[in-house]
């Protein structure tokens, strides 16, 4: 069953007809936690268990997270993550200059 079109704004680079709610849950959860609306967040909370969502946050994909989003969800789930692991999860569009 394809995902609902209302998720497209959080999954803009994916063809919703090709995503599977079980097979692609990590992609779906990460994208919605990073870019989702309140309605999309409510949808993942009803579509996946809190443990499934927490496991995705605990094991973030490399270079896929916005810093503020990752920090929020780490606090939300009370996850202690080594700095090196969280830094690898963040995407950087340009190098930081001091």
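The values are calculated or read from the model by the stated rules, or taken from the named source; none is laboratory data. Just so it is clear, the structure is predicted and the values come from calculations on it, not from any experiment. Neighbour counts run over all protein chains shown; Cβ positions are idealised from the backbone, glycine included.
Structural remarks
- Some residue of the stretch 64-84 being in contact with a strand residue (DSSP E or B) (Cβ under 7 Å, 6 or more places away or on another chain) and within 17 Å of residue 13 (Cα to Cα): yes
- Residue within the stretch 40-48 that is closer than 22 Å to residue 89 by Cβ, more than 12 Å from the chain's Cα centre (by Cα) and not in a loop (DSSP other than H, G, I, E, B) present: yes
- For residue 13, the conditions (1) assigned to a loop (DSSP other than H, G, I, E, B); (2) crowded, with 19+ Cβ neighbours inside 10 Å are fulfilled apart from (2).
- Of the residues 84, 55, the single one that is part of a helix (DSSP H, G or I), modelled with pLDDT under 95 and at negative phi is 84.
- Residues located in the stretch 58-81, provided they are surrounded by 13 or more Cβ atoms within 10 Å (Cβ to Cβ) and not in a helix (DSSP H, G or I): 60, 61, 64, 65, 66, 77, 79, 81
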